[in-house]
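**Student:** The structure is given below, and queries will be raised subsequently.
Each reported figure results from applying straightforward, stated rules to the coordinates on display, with no laboratory input. In this text, all values refer to a predicted model and were calculated from it rather than measured experimentally. Don't worry about glycine lacking a Cβ; one is built from the backbone with ideal geometry, like all the others, and counts go over all protein chains shown.
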Amino acid sequence: MAKIDLRNLDRHELTELLRSWGEPSYRADQIYNWLYRNLVLSVEEMTNVPVKLRQRLTEETSLSNIYVQERHCSPDINTVKLLFSLADGQAVEGVLLRYRRWFSACLSSQAGCRMGCAFCASTLGGLARNLTVGEMTGEMVLLAREARQLGGEVRSVVLMGTGEPLDNYNNVLKFLAHITEPSGFNLSYRRITLSTCGLIPGIRKLAKEELPLTLAVSLHAPTEELRNNLMPINKVYPLSELIAACYQYAQTTGRRITFEYALLAGVNDSAYQAQQLADLIKGLLCHVNLIPFNPVAESNFRRPETSRVEVFYQVLRQEGISVTVRRELGSDISAACGQLRRRVLKEGASPP
Ligand code: SAH
């Protein structure tokens with residue numbers, strides 16, 4: 001019989017499982033507390049749970065079988081990248097980014113990705129599979145332990161690791177509900193960012209959930225033609241329709257959308273293209289996050305000179321658009337999406 005992954009269960013489901021085993025409800029409270037407040041990695045550590053119940057838990061349940069396979073820490077300890085191995089030999093990445101005294105956790109939602117963006121390392125081997133709720137929760141636990149070791153805690157989550165979150169919609173939404181549970185991680189939706197390459201049906205569905213999270217949309221190009229070349233998904237959901245869906249999203253939710261724009265030298269980084277971008281999104285409740293391209297070994301794209309980034313930034317500012325250049329974090333430890341996973345898959349490393 002397949003074991004039940006405890007981290008797949010939300011609080012209510014955990015309580016139901018223990019009830020079905022004839023246990024009092026406070027046992028669920030205790031176990032939930034061990035899992036998401038104490039961040040334990042095994043049932044044996046739950047010392048106030050009777051030995052017999054621990055035995056049953058060990059026999060019939062598991063804890064997502066996600067392990068830290070590699071740990072890379074930047075010299076200033078502001079970025080820690082973890083490579084996780086999963087039960088079936090898949091690998092995904094998670095990153096911890098320090099913001100003063102608290103941390104942001106960047107998580108993967110899929111092993112691989114099928115969106116095929118030309119500049120992104122995550123997509124090079126295609127999609128292997130969706131991550132389960134338990135596996136994403138496992139990433140969160142392992143990153144939260146790391147943060148604790150560094151003297152802080154995870155206060156925000158960005159779904160910007162490997163994968164397209166809206167391509168794993170149900171698991172991602174359940175995972176988010178799980179980590180916002182007050183007696184567990186107690187994260188606020190306001191500190192959660194979900195990043196999508198622009199799956200319009202998913203954006204429409206998400207708008208109806210009425211969650212105060214931040215939706216980030218990867219644009220990377222101001223015209224249909226260029227976006228078709230960089231992001232194949234544009235042939236299915238074209239820029240014009242995507243922008244219309246963003247208008248609708250902002251209107252329905254009242255939330256500001258973040259547009260991500262990776263600057264690729266000589267491809268999408270001219271002042272003229274900045275103007276085209278401004279014209280495209282002017283009037284929309286939004287913020288633009290410029291990301292100087294993080295070089296990927298397998299691609300020919302390059303990062304623009306700082307002066308070009310500055311010009312692009314200034315054009316948007318002058319058009320009255322809220323814009324920031326993403327802080328450079330972790331390029332020294334291949335923190336760009338999918339790069340670590342890619343290297344390990346290529347080298348054929350096996351899980352422990
Ligand atoms: N599938 C989601 C999450 C991807 S990762 C999405 O497409 O939004 C988060 C962001 O990093 C995306 O905007 C993605 O396009 C961008 N990105 C991917 N590879 C990059 C690289 N090498 N340098 C800079 N940004 C990159």
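**Student:** Rounded to whole Hz and in sequence order, give me ³J(HN,Hα) for the stretch 315-320 from the Karplus expression 6.51 cos²θ - 1.76 cosθ + 1.60, θ = phi - 60°, writing x for Gly and Pro.
**Tutor:** 4, 5, 4, 5, 7, x
**Student:** For the stretch 209-215, what does the Karplus curve 6.51 cos²θ - 1.76 cosθ + 1.60, with θ = phi - 60°, yield as ³J(HN,Hα) per residue in whole Hz, taken in order and with x for Gly and Pro?
**Tutor:** Couplings: 6, 6, 9, x, 8, 9, 8 Hz.
**Student:** Rounded, prolate or oblate: which one fits the stretch 38-183, using the alpha carbon gyration tensor with axes a ≥ b ≥ c (rounded when a/c is under 1.5, else prolate when a/b beats b/c, else oblate)?
**Tutor:** Values: a/c = 1.84, a/b = 1.29, b/c = 1.43.
Note, shape of the stretch 38-183 comes out oblate.
**Student:** Check residue 128: other-chain or 5+ apart residues with amide H under 5 Å from its amide H, H built from backbone geometry?
**Tutor:** Under 5 Å from the amide H of residue 128: 111, 112, 113.
**Student:** Give the angle, between 0 and 90 degrees and rounded to the nearest 10, that separates the Cα long axis of helix 25-36 from the longest principal axis of the Cα atoms of the chain.
**Tutor:** Approximately 50 degrees, to the nearest 10.
**Student:** Quick check: residue separation of residue 48 and residue 318 times 0.36 nm, minus the Cα distance between them. What number comes out in nm? Numbers along the way, then the final one.
**Tutor:** Working: separation 270, 0.36 × 270 = 97.20 nm, distance 6.06 nm.
Full extension from residue 48 to residue 318 adds 91.1 nm.
**Student:** Report the full-extension gain for the segment residue 272 to residue 186: residue separation times 0.36 nm, less the Cα-Cα distance, to one decimal in nm. Walk me through the numbers before you get to the answer.
**Tutor:** Working: separation 86, 0.36 × 86 = 30.96 nm, distance 4.42 nm.
Taking 0.36 nm per residue and subtracting the Cα distance, the gain is 26.5 nm.
**Student:** Over the stretch 1-113, what portion of Cα pair distances is larger than 21 Å, expressed as a whole percent?
**Tutor:** Values: 3026 of 6328 pairs.
The share of Cα pairs beyond 21 Å in the stretch 1-113 comes to 48 percent.
**Student:** Moving on to the next point. Over all directions, what mean area does the Cα convex hull of the stretch 153-236 project, stated in square nanometres? Intermediate results must be reported in sequence, preceding the final value.
**Tutor:** Details: hull surface 24.4 nm².
Over all viewing directions, the stretch 153-236 projects a mean Cα-hull area of 6.1 nm².
**Student:** Among 9, 126, 212, pick out the residue whose Cα is farthest towards the positive end of the charge dipole of the chain, where Lys and Arg carry +1 and Asp and Glu carry -1 on C-beta, about the Cα centre.
**Tutor:** 212
**Student:** While we're looking at this one, here's another question. What trypsin sites (Lys or Arg not before Pro) in the stretch 17-55 are in a loop by DSSP, with at most 15 other Cβ atoms within 10 Å of the Cβ?
**Tutor:** On the way: sites: 19, 27, 37, 52, 54; in loops: 37.
Hits after loop and neighbour filter: 37.
**Student:** Another question, then. First select every other residue whose beta carbon is under 12 angstrom from the beta carbon of residue 266; then total the charges, Lys and Arg +1, Asp and Glu -1. Don't skip to the answer; put the middle values down first.
**Tutor:** Details: positive: 302, 303, 308; negative: 269, 305.
Here the charged neighbours net out to +1.
**Student:** Further, regarding this structure: Net charge around residue 115, counting only other residues with Cβ within less than 10 Å of its Cβ (Lys, Arg = +1; Asp, Glu = -1)?
**Tutor:** Within the 10 Å Cβ shell, the charges total -1.
**Student:** Return one quarter of the surface area of the convex hull spanned by the alpha-carbon atoms of the stretch 4-62, equal to its mean projected area, in nm². Present the calculation step by step, with values, prior to reporting the outcome.
**Tutor:** Values: hull surface 13.7 nm².
Its Cα hull, projected and averaged over all orientations, spans 3.4 nm².
**Student:** A follow-up question, please. Please order 181, 153, 298 by the number of other Cβ within 10 Å, starting at the fewest. Mind dumping the intermediate values first?
**Tutor:** Numbers: 181 15, 153 12, 298 9.
By the 10 Å Cβ count, ascending, the order reads 298, 153, 181.
**Student:** Could you compute the FRET efficiency for residue 228 and residue 102, with r as their C-beta to C-beta distance and R0 at 56 Å, rounded to 0.05? If you can, show how the numbers build up before the last one.
**Tutor:** Details: r = 40 Å, r/R0 = 0.71.
Calculated transfer efficiency: 0.90.
**Student:** Using 0.36 nm times the number of residues separating residue 306 and residue 65, minus their current alpha carbon distance, what extension gain do you get? Display every interim value, and only then the final one.
**Tutor:** On the way: separation 241, 0.36 × 241 = 86.76 nm, distance 4.27 nm.
Taking residue 306 through residue 65 to full extension adds about 82.5 nm, to one decimal.
**Student:** In addition: Can you give the convex hull volume per residue for the Cα atoms of the chain, as a whole number of Å³? Intermediate results must be reported in sequence, preceding the final value.
**Tutor:** Working: hull volume 48.8 nm³, N = 352.
Spelled out: Cα convex hull of the chain, divided by residues, is 139 Å³.
**Student:** Each residue of the stretch 139-146 in turn: what ³J(HN,Hα) in whole Hz from Karplus with 6.51, -1.76, 1.60 and θ = phi - 60°, glycine and Pro shown as x?
**Tutor:** 4, 4, 4, 5, 6, 5, 5, 4
**Student:** Could you state the per residue volume, in Å³, of the convex hull enclosing the Cα atoms of the stretch 208-310? Walk me through the numbers on the way to the answer.
**Tutor:** Numbers: hull volume 12.0 nm³, N = 103.
Per-residue hull volume (Cα only) is 117 Å³.
**Student:** Give the distance, in whole Å, between the Cα centre of the stretch 14-73 and the Cα centre of the stretch 257-296.
**Tutor:** Centre-to-centre (Cα) distance: 45 Å.
**Student:** Using a Gaussian network model of the chain with C-alpha springs under 10 Å, which one of 109, 240, 122 is most mobile by mean-square fluctuation?
**Tutor:** Checking each option, the largest mean-square fluctuation is seen for 240.
**Student:** Loop only per DSSP, at most 12 neighbouring Cβ atoms within 10 Å: give me the trypsin sites (Lys or Arg not before Pro) in the stretch 73-138, ordered by residue number.
**Tutor:** Values: sites: 81, 98, 100, 101, 114, 129; in loops: 100, 101, 114.
Loop-located and lightly packed - 100, 101.
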